[in-house]
Amino acid sequence: MSFPSFYDPARVGTLYVPNTFEAVTQGQAAGLSPADQDRRRVLLLLVDAQVDFIHPDGALSVPGAVDDTRRTIEWLYHNIGQVTAVAASLDSHTPIQIFYPTWWADQDGNPPAPFTLITADDVQQGRWKPLFEPEWSVRYVQALEAQAKKVLTIWPFHTMIGTPGQTLTPALYEAIAYHAGARRAQPIFLTKGAIPKTENYSILEPEVKVPDHPLGDLNRQFLDMLTCYDLVYIAGQAKSHCVLETATSIMRYFADQPDIIARLRFLIDCTSSVVHPQIDFDALANAALAQFEAQGLRLVHSTDPVG
């Protein structure tokens, strides 16, 4: 199919007010069948496709994310008649969280710089002291290492609730709205990441569970919903963090159901890894994805046929 008239590839990665009316209206005029008539149900799962991760001036911009997003948008337009539903997560943060400089101080009272790594030994030796929930914080960094999770990384402030950086990149939002109009399908939006005392890379569970919080455990309802689809395509940012951890949650949950894992499609050219001065996150992500592929998940490109 040709692209809708409002879509301009050059605007991907720029901030503007999405034209929801035009996107929905042109979608309704496309003459496609409603999604509830699909014999093969296909879900596009978009992980944290937000301004702060995608735009070059975003607070935590991922190199390559603009091109990834352009390919994602065009994949959706090309396959609009085959995509039953679109689900998109929104990383959502507040100023004081365990992975921000506001939570920690060194022996002189100075906050850690962005990208500082804080280990359990650092905390034990007093090199970094938590300013909030000290007992939890000590247990938290220990739990991360015990569970073979990433070392606690201090991040720049990003996707702050109520700021432009939290929003879905506008060109992608318009594509979602177009799909909603064309297929008469309500998009699914999930927010995550607002529990102050834990990280939440996966859209389906925090790094360390917080049992007394309504969002502090595994989102079994959403995971069970995935079984309603014949194919689940995964894309978004960043490959090394939120996309990978989301895929990990799915693979773990369905570990004993190879028929469900065989439905998973990872759009490898629609996601990129965080670049860190000390850690090769992309190599770590590729190693994990190779293991998932051996278990039945398929790595695909946006130019491949749906299937």
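The values are calculated or read from the model by the stated rules, or taken from the named source; none is laboratory data. Predicted, not measured: the structure shown is a model, and the values here were computed from it. No Cβ is skipped: glycine too gets one built from the backbone with ideal geometry, and neighbour counts run over all protein chains shown. Quick note on the areas: whole protein, heavy atoms, side chains included, nothing else; ligands and nucleic acids left out. Shrake-Rupley method; radii C 1.70, N 1.55, O 1.52, S 1.80 Å.
Some points to look at:
- Whole-Hz ³J(HN,Hα) from phi, Karplus 6.51 cos²θ - 1.76 cosθ + 1.60, for the range 105-122, glycine and proline x: 8, 7, 5, 9, x, 8, x, x, 6, x, 6, 5, 9, 10, 9, 4, 5, 4
- With every protein chain in place, the chain: carbon and sulfur % of accessible area (1.4 Å): 54 percent
- Trypsin sites (Lys or Arg not before Pro) within the range 6-95, DSSP loop, no more than 13 other Cβ atoms inside 10 Å: Arg39, Arg40
- Fraction of antiparallel bridges per DSSP, the chain only, in percent to nearest 5: 20 percent
- Qualifying lysines (Cα of each under 18 Å from Cα of Lys239; at least 8 residues distant if same chain): Lys149, Lys150, Lys192
- For the chain, the longest principal axis of the Cα atoms and the long axis of helix 134-146 meet at an angle of about 60 degrees.
- Three-way shape label, the range 155-304, alpha-carbon gyration tensor, a/c 1.5: rounded
- Per residue solvent-accessible surface (Å²) - the range 207-307, probe of 1.4 Å: 45 Å²
- Cβ-derived FRET efficiency at R0 22 Å, Val306 paired with Thr14, nearest 0.05: 0.15
- Residue-wise HN-Hα coupling along the range 264-275, computed from phi with Karplus coefficients 6.51, -1.76, 1.60 (Hz; x: Gly, Pro): 7, 10, 9, 6, 5, 9, 10, 7, 9, 9, 5, 9
- Spin-label model, Lys129 to Asn110: label points 7 Å out along the Cα-to-beta-carbon direction sit 1.6 nm apart.
- Förster radius 41 Å - calculated FRET efficiency between Val138 and Leu299 (Cβ-Cβ, nearest 0.05): 0.60
- Backbone HN-Hα couplings from phi across the range 196-211 [Karplus 6.51/-1.76/1.60, Hz, Gly and Pro as x]: x, 9, 8, 7, 8, 5, 5, 6, 10, 5, x, 4, 10, 5, 10, x
- Nearest-ten-degree value, helix 65-78 long axis tilted from longest Cα axis of the chain: 30 degrees
- Using alpha-carbon coordinates, inclination of helix 244-253 to the longest axis of the chain, degrees: 80 degrees
- Annotation: extensible slack from Gln28 through Arg252 equals 76.8 nm (criterion: 0.36 nm per residue apart, minus Cα-Cα distance).
- Accessible solvent surface per residue of the range 55-97, calculated while the other protein chains remain in place, 1.4 angstrom probe, Å²: 31 Å²
- Contour excess over end-to-end distance, with Cα ends at Phe3 and Gln221 and 0.36 nm allotted per residue: 75.0 nm
- The H on the amide N of Ala105, modeled in the peptide plane, is under 5 Å from the matching H of Lys129, Leu131, each at least 5 residues off or on a different chain.
- Backbone amide hydrogens, once placed in the peptide plane, bring Ile234 within less than 5 Å of Leu45, Arg265, Phe266, Leu267, excluding anything fewer than 5 places away on its chain.
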